[in-house]
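Working notes, beginning with the structure itself.
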Amino acid sequence: MANNHVIFIHPDGTSPSHYALARFVEKGPDGRLNWDNLDQAAVYLGHMEDTLGGTSNGGAVTHATGAKVYAESFGLEQDGSEITPLSGNTGKTIVEEAIDAGKVTALVQSGAIFEPGTAAFVAETGDLEVDGRTVVPRGQTAEIARQVIESGVDFILAGGEVTLLPVGTEGFHGTAEEYDAIASDPIRRPSENLIELAQSLGYTVVYTRDELYALLEQSALPEKVLGVFAPVHTFNDRPEEVLAEGGLPLYLETAPTIAEMLEVTQQLMEAHPNFDNGSIAIVEEEGTDNFGNNNNAAGVLEGVIRADDAIGVAQNFLSRYENTLIITAADSDAGGLQVTDVDPAEPVGTINNNPTLEDRPVPLDGVDGLGTLPFVAAPDANGDEFPFAVGWAGTPDFPGSIVSKAQGLNADKLPPTVDNTGIYELMYETLFDVELESRIPDETKVAPAPTAQTGNVIFIHPDGTSPSHYMALRNIDLGPDGRLNWDKMSNAGVYLGHMENQLTGTSNAGAVTHANGVKVFNESFGLEEDNSVVVPASGNVGKTILEEAIDAGKATALIQSGQMAEPGTAAFAAATTNRDGDDIRARDKYAEIIEQTIRSGTNVILGGGELYMLPIGETGFHVDAEMSAEETRPERRPTINLIELAESLGYTVVYTEDQMNEVVNGDNPPEKLLGVFAADATFAATTEEDLGLNTDSPLPLYVATAPTVAEMLEATLKLVSADPDGFFVVLEEEGTDNFANSNNAVGTIEAVRRADAAIGVALDYVDNVDPNTLVVTAADSDAGGLQVFQFAPYTRPSGNEISEPALGDEEPSVPFIYANPTTEAGTPVFLDGPTGSTGSPEFPWDSFAAMDSVDGPMGNFGVAWVGTPDFPGSIVSKAYGLNADLLPSTLDNTFIYEMMYRTLFGDEAFAPPVAELVDLTGIDSDVAVDITVNREAAFDNVLKFYETDAQGRVDGLMAGDAGYEAAVAANLLDAELFTDNLVTSTVNLTLPGGTYYAPALLVDGDINNLATIGESRIQRDGNVWRFEDLFDNDFNDLVITINSAEPVAA
């Protein structure tokens, strides 16, 4: 029998955006939470048998059994029959099987004992008819609590004393009168004292943090513990304004945190006589969900911090017991939380949410709720602090952008896109050493083995996309059990995209970071804030990765669905000044950007934007006289015809998909191709109402004659793949961002569809043409904070014209939810459908239709938004092919560049500096270096320095290369270190900062007899360097100690 351990941590309702909130406040944007440091990441898909979203109870049942269930399930099928789990042991959850196998078990809960995140692992209830009404399973809290107590679980820690005591009974945390005021009906109050029942079953009962920790001081540790830490939950899950009005704290002071509960539980489990049989602990922080459903940002923040502390406790356990799996997941995204940058001095205001022809403001949250001062992030790596507010999509749970993470035993088996049933699979295999058959086949692709260490790169940037954006498309095109091309990529990581001066990535600065591997300010378009040149991570000053690829003779391509000055591609080839003597932003200088792109030498340039390639007054293939006359801003219109410039530089120019295919598939395909597929972008990114989608005269989303980005990529690969030196392709689907910034759901979904098709083309290239190719995807922000939404199984909020939960194909008015309630209901958030967010009898509101799952119909859905801006959001990068395994489970935006660079050029640029070097790279001025020198050698040895890069290279030569010593001799600095034999001397040198220096020993002062790095004749220990002159290996022939290195004041 397997004796392994499983710790399942369920921070209910959390997405990467919820963790971002905690990271910003606790660690700063460059810090990392415990959750960040878990090894494996997967996009979690949590639909139920009959709804697109997970419920707390149904999701918990799925985690406990590996079976899809109806949304209201609490351990039983809809007809009341027993569930057959994936293990085949009908009626048994994984915890119940663990109990039967003699393993140690624990349920650890910050909410009440009846909360399904833990209770559904040992309790089951069905619909109950009482006085002519139906009580849903999750509402039968007394019965659930009784079953938990009688389950045989060893350690049960939670709140919920009121549900354990009969009416009229005094409790530890409240009087009989207080408890009877909370609940007095037999559904929520038991007929017997369940605490006394627990004691009769051998449980030691504790009520506070102090009592819990006191258990560890006992000479004989208890084998069964019941913790009852609050009347109901250990937190007060209400809006900030309600808590302020009542003077209530977020969490009860006497209750242990979830991390403290787990810490004590683990110590008790380790002492349990059955511990060697293995163990399973189910841990839920419920505050993250309940505060999220109340749109209480401060409460969510505290809940996430507590959940992350519990993950840290679990990681400590893993360090002691390597045969442990830690796995985390949420079953929903509570409130659709998003962070947004705001003014530091002003109370937070509103955000524009799903505008039509008019704005719709929705309040933001500050530290104390609506209209209060903003949150402030802890300092970043540069010591800067950034203020921010929190926006919400609404109060419900959403299917959302949920990421599961894992570490330890079997963590590497977590697929990059995981169905909620897969959580059970992984836990079961770890606990019982039995591999189960999946509910649906895992469609993760396995890339063919590469045959080289370097190769091609295809970077696909579906701008503004989160897992929720992909979910909307998946539901419509494939159903929730289908898998997009993006889903099938082999590796996943949570992407962190903050800039040098704000938390949210911008399209231009994010692209500069992707192109250079360094943080820049938010308005950068290839230059620093003082308009100086960016130094990329490779150290090749002023060169983007695309420009280095061109210099290396590789074929290159920029593919764009927007106009060609869009930064997602253009920032790889262009750099412009920002507000340089005027107020013109760098990114608005379309003409200059496009001209630089054309002059860059990029082989294939495809996109829109003919208007910005023609001087004012000129017409073109797509641009008529009226268009040309309307746009007269000089920063957007060139003084020369850029299309004619391109032709003079050897580009073949095409204007439609048909023309592109004709030249690419012709007898003499061009080496340089410029595709100009629209007057502006190839799409019309505005609101549905602006496009007339809610009328009988709708405008198209995309230009009909323009190729999709997938078609552009397919054509491009036919051209660039012929280059024997390899290729680098950057592709951006900009419609995903621009439509989402207009909160245009149907346009966003179409754009995601096109981006995913391009991913499919790239994956096919790896599989069938060249395995030495990396495909990597990332967005730099989360546009709009999109969320998929169904009311079912719950009722619609008051004010909706229709009361039935299910969304109809058409409805006479726009359905809505509420966001950010205070002491009142909140502000309406109107749902989007295919024609927008308006409705009338003449032009009804339409819903999106989801395709069936393998279990049957999934109904219709609407789309909710947080607002029109870009957010730091819930962004997931994915990778496939060569070096895809480099993608970590949490990555900074700078890592995209590193991953691409290492694939194109090898690992050397990112290898750690040679140990023997003196590193003065962080100092811009001259450096005064204080050095102690001594020797025990007959030779009058002399030490000099020479300037190198991080790998000790000089004049392009590495240590060990032929001619290296001659190059060293030619580059030695004048300053030298010398001391007499058996004498210790102090020497002061001044060296220019900002570079590396290597030492070279001139044996007996002879420049033709050098001991240099790479010859095993230099040893370094901290700030001490020891040198060997004659190979007797005493390494005392010259010894230097660098005592200090201080910048010289100007």
Would you confirm whether or not region 454-465 contains a residue that is surrounded by fewer than 24 Cβ atoms within 10 Å (Cβ to Cβ), touching a residue at least 40 places away in the same chain (Cβ under 8 Å) and either over 21 Å from the mean Cα position of the chain (by Cα) or not in a loop (DSSP other than H, G, I, E, B) (or both)?
yes
Regarding residue 532, is this residue more than 22 Å from residue 642 (Cα to Cα) and of a type outside the set (Val, Ile, Thr)?
yes
Modelled with pLDDT of 95 or more, out of contact with any Gly (no Cβ under 6 Å at 6 or more places or on another chain), part of a helix (DSSP H, G or I) and not charged (D, E, K, R), is that true of residue 715?
yes
Got at least one residue in region 162-176 being in a loop (DSSP other than H, G, I, E, B), among the hydroxyl-bearing types (Ser, Thr, Tyr) and either free of Cβ contacts under 8 Å to residues at least 40 places away in the same chain or under 23 Å from residue 210 (Cβ atoms) (or both)?
yes
Screening 762, 779 for residues that are touching a helix residue (DSSP H, G or I) at 6+ places or on another chain (Cβ under 9 Å), of a type in the set (A, V, I, L, M, F, W, C), within 19 Å of residue 494 (Cβ to Cβ) and touching a residue at least 60 places away in the same chain (Cβ under 8 Å) leaves only 779
With respect to the numbered conditions (1) surrounded by 24 or more Cβ atoms within 10 Å (Cβ to Cβ); (2) free of Cβ contacts under 8 Å to residues at least 12 places away in the same chain, which one is the sole condition not fulfilled by residue 850?
(2)
Condition first: in contact with a Gly (Cβ under 9 Å, 6 or more places away or on another chain) and either of a type outside the set (Gly, Ala, Ser) or surrounded by 19 or more Cβ atoms within 10 Å (Cβ to Cβ) (or both). Now tell me which residues in region 368-383 satisfy that.
372, 373, 374, 375, 377, 379, 380
Looking only at region 159-183, how many residues end up being over 45 Å from the mean Cα position of the chain (by Cα) and exposed (fewer than 13 other Cβ atoms within 10 Å of the Cβ)?
4
Of the conditions (1) assigned to a loop (DSSP other than H, G, I, E, B); (2) buried (at least 24 other Cβ atoms within 10 Å of the Cβ); (3) in the same structural domain as residue 98 (by TED's automatic domain parsing); (4) modelled with pLDDT of 95 or more, residue 348 clears all except one; give me its number.
(3)
Taking region 237-251, which residues are under 19 Å from residue 157 (Cβ atoms) and out of contact with any Gly (no Cβ under 8 Å at 6 or more places or on another chain)?
none
If we keep just the residues of region 621-631 that are surrounded by 15 or more Cβ atoms within 10 Å (Cβ to Cβ) and free of Cβ contacts under 8 Å to residues at least 24 places away in the same chain, which is farthest from residue 591 (Cα to Cα)?
628
If you check 879, 937, which single one turns out to be in a loop (DSSP other than H, G, I, E, B) and out of contact with any Gly (no Cβ under 7 Å at 6 or more places or on another chain)?
937
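Matching residues to (1) touching a residue at least 60 places away in the same chain (Cβ under 8 Å); (2) in contact with a strand residue (DSSP E or B) (Cβ under 6 Å, 6 or more places away or on another chain); (3) part of a loop (DSSP other than H, G, I, E, B):
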site	(1), (2), (3)
429	no, no, no
440	yes, no, yes
449	yes, no, yes
479	yes, yes, yes
Checking the structure you have, find out if any residue of region 646-653 is in a loop (DSSP other than H, G, I, E, B) and polar (S, T, N, Q).
no
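For the structure I just gave you, tell me whether residue 897 is within 23 Å of residue 994 (Cβ to Cβ), in a strand (DSSP E or B), at pLDDT 95 or above and in contact with a helix residue (DSSP H, G or I) (Cβ under 9 Å, 6 or more places away or on another chain).
Spelling it out, it is not the case that residue 897 is within 23 Å of residue 994 (Cβ to Cβ), in a strand (DSSP E or B), at pLDDT 95 or above and in contact with a helix residue (DSSP H, G or I) (Cβ under 9 Å, 6 or more places away or on another chain).
Residues that are closer than 26 Å to residue 824 by Cβ, acidic (Asp, Glu) and assigned by TED's automatic domain parsing to the domain that holds residue 182: does region 283-294 have at least one?
Yes, region 283-294 has at least one match.
Would you check which residues across region 564-582 are part of a helix (DSSP H, G or I) and farther than 30 Å from residue 673 by Cβ and list them?
Our first condition is that a residue be part of a helix (DSSP H, G or I); within region 564-582, this holds for 567-570.
None - no residue of region 564-582 is part of a helix (DSSP H, G or I) and farther than 30 Å from residue 673 by Cβ, so the list stays empty.
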Considering only helices (runs of 4 or more DSSP H) wholly within region 2-119, the ones with at least 1 residues that are within 27 Å of residue 271 (Cβ to Cβ) are 56-65, 94-100, 116-119
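Go through region 150-161 and count every residue that is part of a loop (DSSP other than H, G, I, E, B) and either among the charged types (D, E, K, R) or in contact with a strand residue (DSSP E or B) (Cβ under 8 Å, 6 or more places away or on another chain) (or both). Before you say what the answer is, go through the steps one by one.
Start the filter on region 150-161 by keeping residues that are part of a loop (DSSP other than H, G, I, E, B), which leaves 151-154, 160.
Subset that is either among the charged types (D, E, K, R) or in contact with a strand residue (DSSP E or B) (Cβ under 8 Å, 6 or more places away or on another chain) (or both): 152-154, 160.
Looking only at that region, the number is 4.
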Wholly enclosed strands (runs of 3 or more DSSP E) of region 976-1050 bearing at least 3 residues without any contact (Cβ under 8 Å) to a residue 60 or more places away in the chain and either outside the structural domain of residue 963 (by TED's automatic domain parsing) or of a type in the set (Val, Ile, Thr) (or both):
984-992
Taking residue 947 as the residue in question, decide whether it is charged (D, E, K, R) and part of a strand (DSSP E or B).
yes
In region 843-861, which residues are at pLDDT 95 or above, within 25 Å of residue 697 (Cβ to Cβ) and either assigned by TED's automatic domain parsing to the domain that holds residue 23 or assigned to a loop (DSSP other than H, G, I, E, B) (or both)?
844, 847
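The values are calculated or read from the model by the stated rules, or taken from the named source; none is laboratory data. Keep in mind it's a predicted model, so treat the numbers as computed, not measured. When we count neighbours, we look across all protein chains shown, and the Cβ atoms used for this are built from the backbone with ideal geometry, even at glycine.
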